[in-house]
Each structure stands twice: as C-alpha cells, then as structure tokens.
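For reference, the structure is listed below as structure tokens.
The values are calculated or read from the model by the stated rules, or taken from the named source; none is laboratory data. Please read these numbers as outputs of a predicted model, since none were measured by experiment. Cβ coordinates were reconstructed from backbone atoms using ideal geometry, including for glycine residues, and neighbour counts include every protein chain displayed.
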Amino acid sequence: MGGEQQVGQLAAFCAAKAGVVALTKAIADERKGINITANTVLPSVIDTRTNRSRMGLENAHQWVKLESLAQVICFLGSEAAQDVRGATIPVYGSI
C-alpha cells in the first residue's frame, strides 16, 4: 500500500513509499554488473498483536501473516532470486 497505489489522506506516506521504490530501481540498475540485487517488498497491514489491538479485527483476515512476509524476504535473499533485480513485490493477505 502506498508505493504503487495512492491512498487518500496519506500523501506523505505514499510519497515516501514511492521514493523507496524509485531508489530501489536505481540501485538495482547501478549495481547490476557487480552481482548486487535490490528489491522492494510492499506488505499491506502486517498481522501483529499491536495492529490487532490498535486497529481492531474488522479486516484482519486480509492482513499479511509474518510467516508469509518472511517467506518472500527469504526467497529474495536466496540463490533462487539471484536474477530478480529492481522488483517491487506486493505482499497482501487473503482477500
């Protein structure tokens, strides 16, 4: 949320996320010849105790489980993702 799609009333948040996406693409391009990858993971709301207590449970079934987010990040750090560069990977919970 924010980096690829804009959300009303969160202009600064969206601008910051878009900046991270652009920076990631620039770093990936600059470092492509020296085997350094750069990618961005954009999770929606992450399912934590703090978020549950502050945000309620109305849409909690749509939140990202920590295990799912960890799997995406572990993949990006693995040999299997050696050719993934400059990617923006959204991670959403069940919709």
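Has the range 30-44 got any residue that is basic (Lys, Arg) and within 19 Å of the chain's Cα centre (by Cα)?
Looking for residues that are basic (Lys, Arg) and within 19 Å of the chain's Cα centre (by Cα), one finds none in the range 30-44, hence no.
Restricting the range 64-95 to residues that are of a type in the set (A, V, I, L, M) and part of a strand (DSSP E or B), which is surrounded by the fewest Cβ atoms within 10 Å (Cβ to Cβ)?
89
Residue-wise test of (1) of a type in the set (Gly, Ala, Ser); (2) closer than 21 Å to residue 19 by Cβ; (3) in contact with a Cys (Cβ under 6 Å, 6 or more places away or on another chain).
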{"residue": "41", "(1), (2), (3)": "no, yes, no"}
{"residue": "48", "(1), (2), (3)": "no, no, no"}
{"residue": "54", "(1), (2), (3)": "no, no, no"}
{"residue": "67", "(1), (2), (3)": "no, no, no"}
{"residue": "74", "(1), (2), (3)": "no, no, no"}
{"residue": "78", "(1), (2), (3)": "yes, no, no"}
{"residue": "86", "(1), (2), (3)": "yes, yes, no"}
{"residue": "91", "(1), (2), (3)": "no, yes, no"}
{"residue": "94", "(1), (2), (3)": "yes, no, no"}
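Can residue 67 be described as modelled with pLDDT of 90 or more and acidic (Asp, Glu)?
When the stated conditions are applied, residue 67 passes them.
Looking only at residues that are in contact with a strand residue (DSSP E or B) (Cβ under 8 Å, 6 or more places away or on another chain) and modelled with pLDDT of 90 or more in the range 34-63, which one is surrounded by the fewest Cβ atoms within 10 Å (Cβ to Cβ)?
Residue satisfying both the conditions and the ranking: 46.
Quick one: count up the residues across the range 47-63 that are in a helix (DSSP H, G or I) and either closer than 30 Å to residue 33 by Cα or not hydrophobic (A, V, I, L, M, F, W, C) (or both).
Residues in the range 47-63 being in a helix (DSSP H, G or I) and either closer than 30 Å to residue 33 by Cα or not hydrophobic (A, V, I, L, M, F, W, C) (or both): 8 in total.
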